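The values are calculated or read from the model by the stated rules, or taken from the named source; none is laboratory data. This is a predicted model, so every value here is computed, not measured. Here the Cβ positions follow ideal geometry from the backbone for every residue, glycine too, while neighbour counts run over all protein chains shown. Note: areas computed on protein heavy atoms with side chains; ligands, DNA, RNA excluded. Shrake-Rupley method; radii C 1.70, N 1.55, O 1.52, S 1.80 Å.
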Amino acid sequence: MNLIAGPTMRVPFYNIKAQYEELSSQLDQVVHEVISGGAYVMGPHHKKFEEEMAKYQGVKHAIAVNSGTDALRISYDAAGFGPGDEVITTAFTFVASVETIVQTGATPVFVDIDETTFQMDPAKLEAAITPRTRGIVPIHLFGQMCDMERIMAIAAKHNLVVVEDAAQAIGATRNGKYAGSYGVAAGLSFYVTKNLGAAGDGGMIITNSDEIAEKCRSIRVHGMGRERYYYDYLGYTSRLDEIQAAIMAVKLTKLNEWNQRRAKLAAVYQDLLREADVVTPQLLEGNTTTWHQYTIRTSRRDELQAHLKESGIDSMIYYPVPIHYHEPYKRFAKGQGSLPVTEKVSLECLSLPIHQHLTVEEVTYVANMVKALLPKSAAAAR
Ligand SMILES: Cc1ncc(COP(=O)(O)O)c(C=O)c1O
């Protein structure tokens, strides 16, 4: 008999090692191929991975770079964001979406999000447009997409450039189109914990524009043009390492299956948490999600997180403090209270473990522990 009261199960938020274990023979082989072959920079794996990603995303060009942050920064440069411009985006995000706007010299302008989907609220866009507005950066958060039809219609009406932050949304679709295929360009991230994660950092720019693709390819390598040591643009050194490209090409073959596994687990959460007093994630009509995160809301968020921890379950708060509260970004916003939905959601959101190597049993345990603290009243559950 177990006399020590304690968690019956340990549920970590991520299990990155399990990805290696599932694919170890193929990964070992390609890593060995790269190291022993000596083509470490923009070799055959890099080319192959770009071609396969363009096919996967249904876009003309895929340009591999060394992070999602660089994918955004280079896309913004190629799209022409710069000093004097205003770029509209949201503050409920990872900082990279916004820091890169600031780095171009442009001014980020924050609009609020939709409470039910966590995505940019298109109804707030027109009021934020001024004669200086140059672009819009919709951020597809947690694996589903913003309402791109409405955003693109407003952008067209006001002649604005749209660059999508699709860092969290590889494989997500809206009305049959992949994330990243609406705007002039989009940035994807292959950071370790993403649905398609590198063994380190990685990212990709996708675009259907030949002109943007040519600029991004050049900016990625110091702005070098058609000839070596001739520079057409101000650039960076931001190639995706060959070894990462080789790893990513192997993992890409598994992405759809891995996303399906996440969907199966999310369905278990959705079903069981109907009996809990929490707000479960909602999809915008026309969207599919890759369940990059499974994020619930409750006014008793901190209490729930502590209760889950005691039960052996890791959870994460994405994102505890909206971007406009942080020192480097305060000057771009109208202060606390200026984005009421973003601010409310930041206090209530909690992401539960979801990844392709969790079991139905583990997810059931998590949901039961949520229900144990926050049961729905019998009347409400009916
Ligand atoms: C919404 C969003 N944008 C941008 C990024 C930046 O990507 P990376 O970490 O690959 O630089 C991330 C990654 O965490 C992200 O979640």
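Tabulated data
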| item | result |
| --- | --- |
| Label point distance in nm, residue 360-residue 263, each placed 7 Å from Cα along Cα→Cβ | 1.6 |
| Net charge, residue 45 excluded, C-beta distance under 13 Å - Lys, Arg +1, Asp, Glu -1 | -2 |
| Linear extension gain, residue 193 paired with residue 157, 0.36 nm per residue minus alpha-carbon span | 9.2 nm |
| Of all accessible heavy-atom area on the chain, the percent that carbon and sulfur account for (1.4 Å) | 54 |
| Separation of the residue 127 and residue 376 label points, Cα + 7 Å toward Cβ, nm | 3.2 |
| Per residue value of the accessible surface for the chain (all protein chains in place, 1.4 Å probe), Å² | 44 |
| Calculated FRET value between residue 232 and residue 60, using beta carbons and R₀ = 35 Å, to 0.05 | 0.95 |
| Added length on full extension, which subtracts the Cα-Cα distance from 0.36 nm per residue, residue 338 to residue 175 | 55.5 nm |
| Under 14 Å, Cβ to Cβ, from residue 369 - net charge with Lys/Arg +1 and Asp/Glu -1 | -3 |
| Solvent exposure, largest accessible area first (probe 1.4 Å, DNA, RNA and ligands not counted), of 330, 60 | 60, 330 |
| Average projected area [Cα convex hull, the range 255-381], square nanometres | 9.8 |
| Rounded Å value of the spacing that divides the Cα centres of the range 132-198 and the range 315-368 | 19 |
| Heavy-atom accessible area order for 357, 32, largest first, 1.4 Å probe | 32, 357 |
| Given 194/334; 194/264; 55/177; 309/371; 17/251; 254/309, the pairs whose alpha carbons are separated by over 21 Å | 194/334; 254/309 |
| Cα-Cα P(r), the chain, percent of pairs per 10 Å interval | 5, 23, 31, 25, 13, 3, 1, 0 |
| Eligible aspartates and glutamates near residue 60 by straight Cα distance, threshold 13 Å, same-chain separation 8 or greater | 50, 51, 52, 210, 211, 214 |
